[in-house]
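Take a look at the structure set out below.
The values are calculated or read from the model by the stated rules, or taken from the named source; none is laboratory data. Just so we're clear, the structure is a prediction, and the values are computed from it rather than from any experiment. Here the Cβ positions follow ideal geometry from the backbone for every residue, glycine too, while neighbour counts run over all protein chains shown. For the accessible areas, the whole protein counts, side chains as well, though only heavy atoms, and no ligand, DNA or RNA atoms are used. Shrake-Rupley method; radii C 1.70, N 1.55, O 1.52, S 1.80 Å.
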Amino acid sequence: MKNLIIALFSICCLQAAEIRVDLSQAGKKVSPNLFGIFIEEINHAGDGGLYAELIRNGSFAEAPTLDAWAAVRPSAANVNLFFDSSTPLNSVKARSLRIEINSPNGERAGVSNEGYWGIAAKQGESYQFSMWARGAEGFDGPLTVTLEGKDGAVYGQAQITGLKTAWSRFSGSFQAGATDPAARLTITANRGGTFWLNLVSLRPGKDIFRADLLQMLKDLKPGFVRFPGGTYVQGNDRATAWRWKNTIGDLESRPGHQNAPWNYWSTDSMGFHEYLLLCERLGAVPMYVAYAGMTWTPNTKSPFGVLENHKIPVSDFPMDQMGPIVQEALDAIDYANGPVTSTWGALRAKAGHPAPFGLKYIEIGNEDGFNPLYADRYMLFYSAIKARYPDVQIIANERRGRTARELPMDFVDEHIYARPMMAIEMAKRLDGRDRNGPKAVLAEYAVQGSAGFGNMRAALAEAVMLSGLERNSDVMPLASYAPLLAHVKAINWRPDLIYFDGVSSYGTPSYYVQKLFADTRLDSVVPVEVKADEMKVRTDGAVTAEGFNAKAEFQDGRGIGTGDNFTYTVRARKTAGDGGIVIRFAQDGSGAYLAWFIGVRHRASTLHVWGGGGMLDVPAHQLESSFGGAIGRQVNGALDTGRWYDVKIQVEGRRVRCFLDGKEIHNAEVPETLGPSVYGLAGRTAGGEVVLRLVNVSPLKQSVSIDLAGGSADRYSAVSTHLTSKNLDDENSLAEPKRIAPIERQLPSVGSKLQYELEGNSFTVLKLTPERK
Ligand code: AHR
C-alpha cells in the first residue's frame, strides 16, 4: 500500500520506435550450441533436487547430528539411536545408525526420515525403497517401512523380515494412497531389539532424475551441459574438492564428501556417470570442469579480484605432485569417451553404458585463474590432453596468470554476475571485441544486482545481453546461466533459474527468457537498426513511500522546493516483516522512478550468501533507478521494527543525497540516461523463419514500425510471444509460478512493413514465417 504521495504528474503513455531489418543478406551464422546449461551442486540442486532420492542423510554421514532422522515412539516403547562405526557396511560407509528398542508390550518404535524438508507423497505414485540392515543376535525383524503423514496416517507400507547379524540389502515398493507434501518415511518394529541401518533410500518411480525438473531442463533445449561446478569442483581444501573417481560405481562404494563451499553434505549420487547421462538425456554436449589441483580461497575477502590478496592455500598441489591430478583428468575423458576395452571405458560399460558419451569440452579448474599458480598447472593439463585426445576442446579459466594469447587454449571461460546496465554494456562490448583473441565461453552469467530472487528487471537485461551474444557468437559461442537450480529451503545464492520444493517447481522470468531464445533458435543474424527514445532519468516528480516486504507507516511527509531542486522529508516506521522501506521519487507516472531502498534485503549485487549455506543476505540501503538498479554503493543497515526514523532525500539537479536520522547514507550523481528504451535483434531460423527479438526496457508501451527490408517474401504469417510485468520487481514463486510467463498470440498475416505494439517492461519474440505466393 502506498502511504504517501506528493505531486502527481500527468504522463504520456505511448512511445514510438522504428526498426529496420536488413533481410537482403544471408546474415552471420550463430553458434549452434550457443545456449547451454550449467549444473552445480549448490542450493541442493542435485541432492534433494534433480537426483530423485527422497531420503536425506541416508548414510548417516551428513552431519554430526541425526539431521533428517528422528526417533519414532508413539506409545510406551522406548528407543535409543546411536551412530555406530564398530561393524561398518564397508570401508566408505563406515557409520551406521544403531536403533535400540525397548518395547515391553510390543508397541511400535523406530526411526523416521523427513527427507529434504518433507517427502512429497503423491497418490497413486509407486515408491521404491531399499536399505542395508542387520540385527543383533536374536533380532531378525520384522521391520515395517511406512510412508506416512505427521499425524501417523499411513500412505504406503511394506514389511522386511529375515534380518541377519551380517549386513544384507532389502528392497521393496508400495503405492502411495494419498498426497502429502510433508510426509516422512518410518522404519519401525513392534518388538524390542537392536538393529542397524545404512544407505536408506526411497525413490518415486524408476528414473534417477526428478521428472518435473528434468522436463524444465529439456524445455531449454540446451546445446551443452557444463558440470559439476563451480566452486563445488574446487572445494575448500583437498578433502572437499570434487574428485570424479569417488563418484562412480555402486552407491555403496561412493563415500560422499562435504560440499564445503556450499556448506552441506554431498552424497555424490549425482556422480560423473549421472552427469554424463543427464547430458545424453538432454541431447546436450558434455562440458566437464576438471579439478585442477587448486582450491577456492575462502580465506580471502572476496572470490573476485583477489590476485594480490591470494594466500596460496596449503591445499594447492605443488607442481611436482601434479602428475596424478592431470592423470585424473585424462582418466575422466577415458571414462566418458574411451573404448570398452580401456580401463575406464570398461567401468562405464559396467555401469550400463558401453557407448561413449562424447565428452567434447574439458575446462581446467573453475575460476582458478585468480590463482597465480594457474598458468603452469594449466599447461600440464593442456599438453597431456592434447597429446592424447586432440579432439577434446580445452577451456582455460579467465584472469589467468598469463595473458590469454600466451596460453594455448580452445576457449577462455568468462563469468559475469552483473547489475542490469553492466549486462547490457557487456553485450555492447562484444560488438567491438578483438576477433583475434581466444574464443570465449560465458560459462556463468546472471543479472544479480537489484534482481531479488529472479525478477523481471534481471530478465529484461539478460534478454538484451543474450541478443548481444547471438550477434557475437563468433567470439563467444557458448554461454550458460548460473546457478541453475535451487531448493527454496536451501538457497545458497540468488538469483537462480529454477526454484523448487519437494512437490513443485517454477521458472523465473529469466528462465522464460532462455526458453524463448531456445524455442526460436537462430541459424543466422542479420543487421538491424533501431531508433527509439532514450531512457531519460528524471530527478523531478512525485514521491511515494511504502513498506518493501514489510509493513510500514509514515508521518509528516513533505516536500520543499520545486522541479529538480527539492528536499523531501518523512518520518517512517517499520511495523512488521523482514523487509524495509522504499521511497520512490522522480516519478512521472510512466512507471519509471528513482528509489531509495532502506533496510531491504536481496537488492545488492554484492553477495552475502557466499559459502554461508543459507540466506545470509544482509539488509542494506540502496539508491536505485527503476530499470538500471543500483546507483552507487549499497550501505549495509537494517531498520528496527517499531522505531521511528527521520528520512530525508535532497535533490539538487542530478545530485541526490539520502539521509537517515540525519546521517548521510548516499551522495550520488544520477545518470542522464540509461540508454535506449528498445533493443532489437533479428535473424533467421534454420527453417527460414524470420525472428525478431525486441526488448522494451521502458515501462511505457512502444508503437514500433518494423520494416523487413530486402526479404524475398511479401507476406508472413506471424506469431508473437511476449513476457511482461507491470513492476520490474515482480517475481514468480511456488504460489504463483506463472505470474510472469510467455503469452503467445497468432497475429493476422503481415507484410514487410508492419506496426507492432510492445508492452512496457517486455521481451517479445516475433516469429514471421514467409507465406507461399
Ligand atoms: O554460480 C555460483 C558460483 O559463482 C560458482 O560456484 C562459482 O564458479 C562462481 O563464482
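Bridgeable lysines around Lys93 (alpha carbons under 26 Å apart, same-chain partners fewer than 8 residues away excluded): Lys164, Lys206, Lys245, Lys350.
Extension gain for Ser75-Lys245 works out to 56.6 nm (0.36 nm per residue, less the C-alpha to C-alpha distance). Taking every protein chain into account, the 1.4 Å probe leaves Val225 with about 0 Å² of accessible area, to the nearest ten. In the chain, the DSSP-assigned H stretches of four residues or longer account for a calculated mean residue ellipticity at 222 nm of -4000 deg cm²/dmol, using -39500 (n - 2.57) per stretch and the full residue count as denominator.
A crude spin-label estimate for the pair Ala166 and Asp533, with each label 7 Å from Cα along the Cβ direction, gives 8.2 nm. Between Ala384 and Asn263, the simple spin-label model (points 7 angstrom out along Cα→Cβ) gives 3.5 nm.
Between the beta carbons of Leu66 and Val719, assuming R0 = 51 Å, the FRET efficiency works out to 0.40 to the nearest 0.05.
When peptides 458-466, 670-678 are sorted by average Cβ neighbour count within 10 Å, with the highest value leading, the order is 458-466, 670-678.
Going by accessible area, probe 1.4 Å, with all protein chains left in place, what is the ranking of Lys536, Lys122, largest first?
Solvent-accessible surface, decreasing: Lys536, Lys122.
Reported to the nearest whole Å, the Cα centre-to-centre distance from segment 540-578 to segment 477-498 is 34. Here the label points at Asp474 and Ala686, each 7 Å from Cα along the C-beta direction, are separated by 2.2 nm in the simple model.
The accessible-area ordering, largest first, of the residues Asp588, Asp140 stands as Asp140, Asp588, per a 1.4 angstrom probe.
The convex hull of the Cα atoms of segment 110-152, projected and averaged over all directions, covers 4.2 nm². For the chain, what's the relative contact order in percent, using C-alpha pairs closer than 8 Å and at least 6 residues apart? Here the relative contact order equals 15 percent. Each peptide in 226-234, 62-70 receives the mean, over its residues, of other Cβ atoms within 10 Å, and ordering these scores from highest gives 226-234, 62-70. Each Lys and Arg contributes +1 and each Asp and Glu -1, all at the Cβ; summed about the Cα centre of segment 126-262, the dipole is approximately 460 debye. Computing Rg and the Kirkwood Rh from the Cα coordinates of the chain gives a ratio, Rg/Rh, of 1.00. Please give the FRET efficiency for Arg95 paired with Asn549, using the beta carbon to beta carbon distance and R0 = 60 Å, rounded to the nearest 0.05. It comes out at approximately 0.90.
Each of Thr65, Ala638, Thr569 was placed along the dipole of the chain (beta-carbon charges, centred on the mean Cα), and the one lying farthest toward the positive end is Thr569. Applying 1/(1 + (r/R0)^6) with r as the Cβ-Cβ distance of Asn105 and Ala638 and R0 = 51 angstrom yields a FRET efficiency of 0.40.
Relative contact order of segment 670-773: 40 percent, from C-alpha pairs under 8 Å at least 6 residues apart in sequence. Extension gain, Gln123 to Glu652, is 184.1 nm, computed as 0.36 nm per intervening residue step minus the present C-alpha separation. Among 508-514, 103-109, 711-717, 469-475, sorting by the average number of other beta carbon atoms lying within 10 angstrom of each residue, highest first, gives 508-514, 469-475, 103-109, 711-717.
In the structure shown, the pairs Lys29/Lys738; Lys531/Lys648; Lys122/Lys738 are assessed against 32 Å; a Cα-Cα span above that value is assigned to Lys29/Lys738; Lys531/Lys648. Solvent-accessible area of Lys386, all protein chains in place: 50 Å² (probe radius 1.4 Å, heavy atoms, ligands and nucleic acids excluded).
For Glu669 and Glu328 in the same chain, what is the full-extension length gain: residue separation times 0.36 nm, less their Cα-Cα distance, in nm? So the chain would gain 117.5 nm between Glu669 and Glu328. The relative contact order of segment 33-186, computed from alpha carbon pairs under 8 Å that lie at least 6 residues apart in sequence, is 22 percent.
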